[in-house]
Amino acid sequence: MASKSKLQKFAELADNPIVFQKNPILKGKWHADYFKNNNPIVLELACGKGDYTLGMAKLFPEKNFIGVDIKGNRIWSAARIANLEGLQHVAFIREQIDLLYNYFEEAEVDEIWITFSDPFLRDGDAKKRLTSTKFLPIYKQILKPGGLIHLKTDSDVLYAFTKETLAEFPSSIVKDYSDVYAMQKNDELHGIQTYYEKMHLKDKRTIKYLCFQLQ
């Protein structure tokens, strides 16, 4: 069977009730109108095919999970799996990360995961990194006080950049693992490996992790 075209996938996205595309109708209403519970909401930003969103949803049915990415092709793949596996506490948003405040009220989110996001290595691109000062105030606005942000990356540049940024931003680092596997910490991170993580491990890259809070 030939694979579906992007146009077919985008048409299916438009009809998928667990996908929200540039449509912030649930701001402040995720618990009441979508999940229909008061369980914690966990975001995965730049989720790609939703490896962490889907993996954590299976491990933690007592939490709600929302994957966010701008790439419709990736969201289609993630949403398809969620539908096939009947994961009713999962949703996806197709939108730019810097517009998150349009989708969530103040303190509506409990945790944020950033897994293997683009480190933007070219000169002048640092502000596009998801842990730059462009994004941290947005996370602070939508997170509950004390809400955790998790960063998992293979990039030495993004790892160092994040620590430097947090040193200048009101925050506290809760956990800092410079080598997740050498320190035998991946089980603590739920044992989930994204597509990119598996690829990086084959290339013998070091996986790093930070957990932090914004004050």
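Taken together, the values in this text are just the output of simple stated rules run on the coordinates, not laboratory data. All figures in this text were calculated on a predicted structure; none of them were measured in a lab. Note that we place each Cβ from the backbone using ideal geometry, even for glycine, and neighbour counts take in every protein chain shown.
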Exposure-ranked with fewest Cβ neighbours within 10 Å first, C211, C47 stand as C211, C47
3J(HN,Hα) from dihedral phi, the range 152-157, Karplus parametrisation 6.51/-1.76/1.60, rounded to Hz, x for glycine, proline
10, 8, 9, 8, 4, 5
First measure r as the distance between the Cβ atoms of K175 and T133, then evaluate 1/(1 + (r/R0)^6) with R0 = 30 Å and state the FRET efficiency to the nearest 0.05.
0.90
Rounded if a/c under 1.5, otherwise prolate or oblate - the range 1-121, Cα gyration tensor axes
rounded
Reachable lysines, given that their alpha-carbon falls under 16 Å from the alpha-carbon of K36 and they are not under 8 places away in the same chain:
K27, K63
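Counting Lys +1, Arg +1, Asp -1, Glu -1, what net charge surrounds D125 among other residues with beta carbon under 12 Å of its beta carbon?
+3
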For the chain, what's the relative contact order in percent, using C-alpha pairs closer than 8 Å and at least 6 residues apart?
19 percent
Any idea which of P119, F135, F169 is furthest toward the positive side of the dipole for the range 117-215, if Lys and Arg beta-carbons carry +1 and Asp and Glu beta-carbons -1?
F135
Sorted by chain and then number, the residues having a modelled amide H within less than 5 Å of the amide H of Q21, at least 5 places away or on another chain, are R94
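May I ask which of K22/K127; K6/K127; K9/K198; K58/K152; K163/K208 have a Cα-Cα span longer than 18 Å here?
K22/K127; K6/K127; K9/K198; K58/K152
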Cβ-Cβ FRET estimate between A160 and N38, R0 fixed at 45 Å, reported to 0.05
0.70
Least to most buried among I173, I149, by other C-beta atoms within 10 Å and fewest first, runs I173, I149
Label point distance in nm, I81-K29, each placed 7 Å from Cα along Cα→Cβ
3.0 nm
Near the amide H of A91, under 5 Å away, which other amide H atoms are found, from residues 5 or more places off or on another chain, if H is placed in the peptide plane?
F65, I66, G67
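Which order results if F161, F60 are arranged by neighbouring Cβ count within 10 Å, fewest first?
F60, F161
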